[in-house]
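Asks: Sending over a structure as structure tokens; questions will come in a sec.
The values are calculated or read from the model by the stated rules, or taken from the named source; none is laboratory data. Note that this is a predicted model, so its numbers are computed, not measured. Please note: Cβ atoms are built from the backbone with ideal geometry, for glycine as well, and neighbour counts cover all protein chains shown. With ligands, DNA and RNA removed, areas are computed over all heavy atoms of the protein, side chains included. Shrake-Rupley method; radii C 1.70, N 1.55, O 1.52, S 1.80 Å.
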Amino acid sequence: MNILYTASEAVPFIKTGGLADVAGSYPRALKSNNNDVRVVLPMYKSIKNKYFESMEKIAEFHVDLGWRKQYVGVMTMEYEGVIHYFLDNEYYFDRDGIYGYFDDGERFTWFSKAVTLLGKFIDFKPDVIHTNDWHTALVNLYVKDFALGDSWFDDIKTVFTIHNLKYQGVFDPEMLGDIMGVSENYFHEDGIKFYNQINFLKGGIVYSDAFTTVSENYAQEIKTQYFGEQLDGIIRKHEGKLSGIVNGIDYEEFNPGKDKNIFKNYDLRSVKRKKENKIGLQKKFGLPEDSDIPMVSMVTRLVDMKGLDLVAHIFEELMQEDIQFVVLGTGDKRYEDMFKYFSHKYPQKVYAGLYFNEQEAHGIYAASDIFLMPSKFEPCGISQLIAMRYGTIPVVRSVGGLKDTVIPYNYETEEGTGFTFENYNAHDMLFKIKEALALYNDNAKWNNLIKKAMKSKTDWNESSKKYVKLYKSIVKK
Ligand code: GLC
């Protein structure tokens with residue numbers, strides 16, 4: 001099958017969040033299933049020179065944006081066996097940042113239109129165009145719209161994946177004719193209208209042939225008012241074409257047996273060596289060196305969604321325990337300030353890395369014993385998957401994809417891969433952390449749990465098969 005996969009970010013070229021991890025690893029898995037998959041991204045200024053230098057320009061064309069014609073340069077390179085295209089327009093993407101500009105609606109309309117047309121200029125006819133989040137959601141609409149006047153689009157099907165329903169791309173309705181260049185026919189409650197505004201993500205839900213979320217549980221949750229972000233009604237209306245397919249991680253990139261970013265490699269048979277990573281990290285972060293003290297960690301964006309108010313609420317109590325706490329990430333000032341404060345107050349116990357560094361992230365996954373992820377909501381979550389792969393036991397709130405991927409520890413059978421709590425409650429969380437710490441003291445049981453976690457199957461194998469099945473089911477129609 002020919003699949004054109006598009007997103008606003010993908011590792012290693014450009015990343016702000018989990019979408020980039022998925023867009024950087026899933027296409028490769030799909031390709032190894034004998035599909036011709038190609039990835040399309042915007043040509044951002046911040047893409048590193050070393051990639052830019054290996055790109056080649058292969059085509060150019062123009063798209064109509066309202067009354068204007070806007071240039072599209074098509075650059076290409078192969079990365080780890082997958083052909084990538086970068087659509088170039090300096091006016092829209094030669095900027096320092098990625099998102100957050102006054103004309104984001106126009107920038108991603110340009111991109112979505114160009115992606116829809118791309119196949120015609122590079123001699124690649126997709127069976128399926130797979131789109132992700134609001135930035136590329138309009139492709140779903142354009143494929144249907146262009147098919148009205150051009151039979152080339154007739155048999156192209158679209159899939160739309162929601163990585164986070166909270167970000168919807170909501171813009172002024174004036175964009176409709178002026179920039180999007182589509183008729184009023186799309187501007188109604190069953191189309192892209194959303195309280196007198198235009199909602200791009202809604203367009204993805206309505207006009208795709210199938211839409212998905214990044215875990216089964218989240219696919220159920222978003223049908224409810226609580227998680228629905230005001231779109232639960234339209235989601236329920238289209239639930240017949242909705243499914244949840246859980247994300248995987250790249251087992252090459254995240255492999256404690258080979259990872260060059262960690263102090264000591266280890267695998268299932270040499271879990272004992274994991275402790276040497278703890279010593280290494282303690283040295284690096286200036287914490288007392290002690291391989292026995294339990295280390296609790298978080299690698300996260302410091303934003304509300306990640307449950308940091310729960311952490312704030314019980315942090316003093318947590319500090320009564322004999323533990324070390326390591327956090328890595330950036331985000332809201334109040335959470336950065338909070339961790340700064342605690343790391344000054346408890347310099348022997350807390351390390352706060354208020355920045356992001358991929359290499360250090362790997363080091364933390366390898367070194368710590370317990371990984372904390374108390375999200376308020378979580379479409380899938382990737383960190384808990386990485387933590388388990390490195391034998392670090394997740395303590396998570398049982399929500400979204402966390403519920404699908406972390407199996408609660410069962411004291412009788414000793415089955416499970418982590419600790420989970422149901423309610424969004426700080427002391428429920430603290431209670432679970434304490435349970436984990438208690439089990440940590442039982443060496444045999446803890447090692448058994450580590451092995452269970454490391455054995456969880458969290459690569460792309462199963463999920464990519466599910467996507468292929470989904471593609472086939474819509475292509476046949
Ligand atoms: C978003 C979601 C996260 C998910 C990721 C990749 O960042 O918030 O839960 O894992 O997308 O799908």
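Asks: With the requirement that a residue be touching a helix residue (DSSP H, G or I) at 6+ places or on another chain (Cβ under 7 Å) and part of a loop (DSSP other than H, G, I, E, B), what does segment 145-160 give you?
Replies: Asp154, Ile156
Asks: Still on this model: Being assigned to a loop (DSSP other than H, G, I, E, B) and small (Gly, Ala, Ser) is the filter; apply it to segment 362-388 and report the residue that is farthest from the ligand (Cβ to nearest atom).
Replies: Filtering first and then ranking leaves Ser368.
Asks: Return the total of residues in segment 233-279 being open to solvent by 70 Å² or more (accessible area, probe 1.4 Å) and assigned to a helix (DSSP H, G or I).
Replies: Looking only at that region, the number is 9.
Asks: Taking segment 148-169 as the search range and keeping residues that are free of Cβ contacts under 8 Å to residues at least 60 places away in the same chain and farther than 19 Å from Ser473 by Cβ, which one is surrounded by the most Cβ atoms within 10 Å (Cβ to Cβ)?
Replies: Selected residue: Phe153.
Asks: Looking only at residues that are among the hydroxyl-bearing types (Ser, Thr, Tyr) and touching a residue at least 60 places away in the same chain (Cβ under 8 Å) in segment 195-220, which one is farthest from the ligand (Cβ to nearest atom)?
Replies: Tyr207
Asks: Still on this structure, please answer the following. When you check Tyr355 against the structure, is it closer than 25 Å to Lys333 by Cα and open to solvent by less than 30 Å² (accessible area, probe 1.4 Å), yes or no?
Replies: Against the criterion (closer than 25 Å to Lys333 by Cα and open to solvent by less than 30 Å² (accessible area, probe 1.4 Å)), Tyr355 does not qualify.
Asks: Report, ordered by the first and then the second residue, all pairs with beta carbons closer than 7 Å, sequence separation of six or more or different chains, a first member in segment 42-60 that is among the aromatic types (Phe, Trp, Tyr), and a second member that is surrounded by 12 or more Cβ atoms within 10 Å (Cβ to Cβ).
Replies: Tyr44/Ile14; Tyr44/Phe93; Tyr44/Ile98; Tyr51/Phe13; Tyr51/Met77
Asks: Which members of segment 397-450 meet the condition of being β-branched (Val, Ile, Thr) and not in a helix (DSSP H, G or I)?
Replies: Val399, Val406, Ile407, Thr413, Thr417, Thr420
Asks: State which residue is nearest to the ligand (Cβ to nearest atom) when the search covers only segment 27-65 and only residues that are open to solvent by less than 30 Å² (accessible area, probe 1.4 Å) and out of contact with any strand residue (DSSP E or B) (no Cβ under 9 Å at 6 or more places or on another chain).
Replies: Ala29
Asks: How many residues does segment 66-119 hold that are open to solvent by less than 30 Å² (accessible area, probe 1.4 Å) and part of a helix (DSSP H, G or I)?
Replies: Number satisfying all stated conditions: 17.
Asks: For segment 15-26, how many residues meet the condition of being touching a strand residue (DSSP E or B) at 6+ places or on another chain (Cβ under 7 Å) and either more than 11 Å from the ligand (Cβ to nearest atom) or open to solvent by 10 Å² or more (accessible area, probe 1.4 Å) (or both)? Give the steps one after another, and end with the answer.
Replies: Here is the first cut: in segment 15-26, the ones touching a strand residue (DSSP E or B) at 6+ places or on another chain (Cβ under 7 Å) are 19-20, 23-24.
When the remaining residues are screened for being either more than 11 Å from the ligand (Cβ to nearest atom) or open to solvent by 10 Å² or more (accessible area, probe 1.4 Å) (or both), the result is 19, 24.
Of the residues in segment 15-26, 2 are touching a strand residue (DSSP E or B) at 6+ places or on another chain (Cβ under 7 Å) and either more than 11 Å from the ligand (Cβ to nearest atom) or open to solvent by 10 Å² or more (accessible area, probe 1.4 Å) (or both).
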